[in-house]
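The values are calculated or read from the model by the stated rules, or taken from the named source; none is laboratory data. This is a predicted model, so every value here is computed, not measured. Cβ sites come from the backbone with ideal geometry, for glycine too, and all protein chains shown count toward neighbours. Areas reflect the complete protein model, heavy atoms only, side chains present, ligands, DNA and RNA absent. Shrake-Rupley method; radii C 1.70, N 1.55, O 1.52, S 1.80 Å.
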Amino acid sequence: MTRAVDVVVIGSGVAGLSTALGLAATRDVLLLSAGDGSTPWAQGGVSAAYGEDDPLDHWRDTDIAGAGFCDPRNVRALVEEGPQRLAELIAHGARFDRNADGSLSRTLEGGHSRPRIVHAGGDATGAEVHRALRAALQRTSVRTMTGRTVGLVQSDSGSIVGVLVETGDQLTQIDARAVVLATGGIGNAYLASTNPSAVRGDGIALALRAGASLVDMEFVQFHPTALHTGETSGQLPLVTEAVRGEGAVLRDVHGRRIMEGLHPRADLAPRDVVARAIEATMRRDGSDHVWLDATGVAPEVIRRRFPTVLASCARIGVDMVSDQIPVAPAEHFLCGGVRTDRNGATDVPGLYAVGEVAATGVHGANRLASNSLLEGLVFGRRVATALTLELPAADHGRSHEVALGEDREAERIRTILSRYAGIRRDGAGLNAAADELDTAGTGPLATVARSVVAAATAREDSRGCHWRSDHPHSDNRWDDHIVVRLDEDGRPTTRQLQRSEA
Ligand SMILES: Cc1cc2nc3c(=O)[nH]c(=O)nc-3n(C[C@H](O)[C@H](O)[C@H](O)COP(=O)(O)OP(=O)(O)OC[C@H]3O[C@@H](n4cnc5c(N)ncnc54)[C@H](O)[C@@H]3O)c2cc1C
């Protein structure tokens, strides 16, 4: 069966919904989804600098958290356009938490120099953002379809001209002038992640197969405080950074403060710093968790602000009002991804990427807390604007399929990536990972895993969330980006890209 539309958007998280909504009035759009991604799980909030806050300060915090490796112009777009996108979201009906005087309640999170995180339902911001965007989309003519995109259609001259969608045992081809990947991150390529299972890097694998470049794939962010439930694989509940924003502190298994004296912002240091400190503490103590102590936070604040975390803790028998919370780092966010320009265009005609799957450089080497929902809102709109103004030229030439393939050894791939490309990496381990992945097939998880390993092997320094114990310092010989592409045999190859070209 074949259908045709102007634009196919793959993914119904904040980025895909924002893109589809922005195109609704001007283009015939089909939104595809394989289920909920990370968006409805987001807890802490959306960052936005408005009023007495200054987008320039937000810019600075983003760049500091990103280890000075951010794309300055794209960060500027993020922080300057962010408040307007937030206001539109409110106009669409999103209900954010408010103070008694009616103003938006804003909290502090790691790496931010002032409280600028807007939140909803206490710690259920993603669910409210998702609800409001979906409700707004239902008021438009955008059509939706549930199914996994298992391939792209590429003209023999190289343009992407459609997608292949699997629904049950039926395969449907949908022709389109533009295809937008909004498929989220790569959580499912690791054993334990805060991401749900639909987030498995399909967009990354499809883009690579179609000839697109990836960039900054070595920068995989580990959230410092996933709840230590005793499970070592699958989706782990998150304990939002905002708990530390309200005063909670990290302690080792002996009860000693971990972050005191390690960083000027102590427990609110950027995520990479906190995650590394926890990993080092756990290794030193031979423990599988540390404690997050929120007992100093007023019980009414905990109940009002953190109902989701409170409930997750209760499920493992922990009362976060009076007990310490067992936490450990877990894979959380991909800072790199499919290389795009500021309007989502990849280096393959007709193929766009937006949200967590895309690398615009706004996160540098380490994402600032609560900048990701914002990225989806801002860059989703930018892609929509670009495709409203101009669609790629129609290409009616011969075409072929670019198939996603299948992973037959998913668990083995996750084990390899988690073991060798976690918070702490080294050359010997990364080489071992590459060898072991050699026999792991050509499915999407294997492709994603090889790309992360190739980029992490190439970068022989440490910055942001890429930490090489054999090259523990940042080295300006590595100020370039690492680009990954597939060679003719389908293997990832890397090259350095000067920052001025990125
Ligand atoms: C627990 C948790 C808490 C977080 N808290 C925050 C926070 O407080 N603030 C913040 O800014 N960020 C937060 N983040 C990060 C943020 O939620 C994500 O980065 C963001 O929501 C990603 O949005 P997205 O639209 O790019 O992708 P997602 O929301 O992950 O959506 C991906 C979509 O792609 C679809 N998809 C994937 N592959 C296919 C395929 N082959 N075919 C069809 N569809 C496909 C999925 O079904 C899904 O609909 C959090 C993340 C997690 C997991």
Only one of (1) open to solvent by less than 50 Å² (accessible area, probe 1.4 Å); (2) more than 24 Å from Ser113 (Cα to Cα); (3) within 24 Å of the chain's Cα centre (by Cα) fails for Pro307. Which number is that?
-> (1)
Just one of the numbered conditions (1) under 26 Å from Arg143 (Cβ atoms); (2) more than 21 Å from the chain's Cα centre (by Cα); (3) not aromatic (Phe, Trp, Tyr) is not true of Asp53; which one?
-> (1)
Kindly provide the set of residues from the stretch 6-15 that are more than 11 Å from His130 (Cβ to Cβ) and within 15 Å of the ligand (Cβ to nearest atom), ordered by number.
-> Val7, Val8, Val9, Ile10, Gly11, Ala15
Of the residues Val142, Val118, which single one is touching a residue at least 24 places away in the same chain (Cβ under 8 Å) and within 22 Å of His332 (Cα to Cα)?
-> Val118
Limited to the stretch 43-76, what total is found for residues that are within 14 Å of the ligand (Cβ to nearest atom) and either open to solvent by 30 Å² or more (accessible area, probe 1.4 Å) or part of a helix (DSSP H, G or I) (or both)?
-> 4
If a residue has to be open to solvent by 20 Å² or more (accessible area, probe 1.4 Å), farther than 15 Å from Val29 by Cα, among the β-branched types (Val, Ile, Thr) and in contact (Cβ under 8 Å) with a residue 24 or more places away in the chain to count, how many in the stretch 145-169 make the cut?
-> 1
Residues within the stretch 268-293 that are more than 16 Å from Glu331 (Cα to Cα), in a helix (DSSP H, G or I) and open to solvent by 50 Å² or more (accessible area, probe 1.4 Å), tallied | 2
Out of (1) open to solvent by 60 Å² or more (accessible area, probe 1.4 Å); (2) modelled with pLDDT of 95 or more, the one Arg265 does not meet is (2)
Enumeration of residues in the stretch 321-361 that are part of a loop (DSSP other than H, G, I, E, B) and open to solvent by less than 30 Å² (accessible area, probe 1.4 Å) = Val321, Cys335, Gly336, Thr340, Gly344, Thr346, Val348, Gly350, Val354, Thr360, Gly361
Helices (runs of 4 or more DSSP H) (entirely within the stretch 381-459) containing at least 2 residues that are touching a residue at least 60 places away in the same chain (Cβ under 8 Å) and either surrounded by fewer than 24 Cβ atoms within 10 Å (Cβ to Cβ) or away from the ligand (no atom under 16 Å from the Cβ) (or both) = 410-420, 444-458
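Condition check ((1) under 28 Å from Arg98 (Cα atoms); (2) more than 13 Å from the ligand (Cβ to nearest atom)) across all residues:
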site: Arg304; (1), (2): yes, yes
site: Ser312; (1), (2): yes, no
site: Val338; (1), (2): no, no
site: Gly350; (1), (2): no, yes
site: Arg367; (1), (2): yes, no
Do we find a residue being assigned by TED's automatic domain parsing to the domain that holds Trp59, β-branched (Val, Ile, Thr) and buried (at least 24 other Cβ atoms within 10 Å of the Cβ) anywhere in the stretch 362-369?
-> yes
Would you mind telling me which numbered condition in (1) out of contact with any strand residue (DSSP E or B) (no Cβ under 9 Å at 6 or more places or on another chain); (2) open to solvent by 40 Å² or more (accessible area, probe 1.4 Å) Asp28 fails?
-> (1)
Do we find a residue being more than 14 Å from the ligand (Cβ to nearest atom) and part of a strand (DSSP E or B) anywhere in the stretch 200-213?
-> no
State which residue is nearest to Ser33 (Cα to Cα) when the search covers only the stretch 98-109 and only residues that are more than 14 Å from the ligand (Cβ to nearest atom) and open to solvent by 30 Å² or more (accessible area, probe 1.4 Å).
-> Arg98
Go through (1) crowded, with 23+ Cβ neighbours inside 10 Å; (2) over 24 Å from Thr308 (Cα atoms) one by one and return the number of the condition Val199 breaks.
-> (2)
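Conditions (1) in contact (Cβ under 8 Å) with a residue 12 or more places away in the chain; (2) within 30 Å of Val273 (Cβ to Cβ); (3) crowded, with 24+ Cβ neighbours inside 10 Å, marked per residue:
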{"site": "Leu171", "(1), (2), (3)": "yes, no, no"}
{"site": "Asp175", "(1), (2), (3)": "yes, no, no"}
{"site": "Gly184", "(1), (2), (3)": "yes, yes, yes"}
{"site": "Ala189", "(1), (2), (3)": "yes, yes, yes"}
{"site": "Arg209", "(1), (2), (3)": "yes, no, no"}
{"site": "Leu214", "(1), (2), (3)": "yes, yes, yes"}
{"site": "Met217", "(1), (2), (3)": "yes, yes, yes"}
{"site": "Gly230", "(1), (2), (3)": "yes, yes, no"}
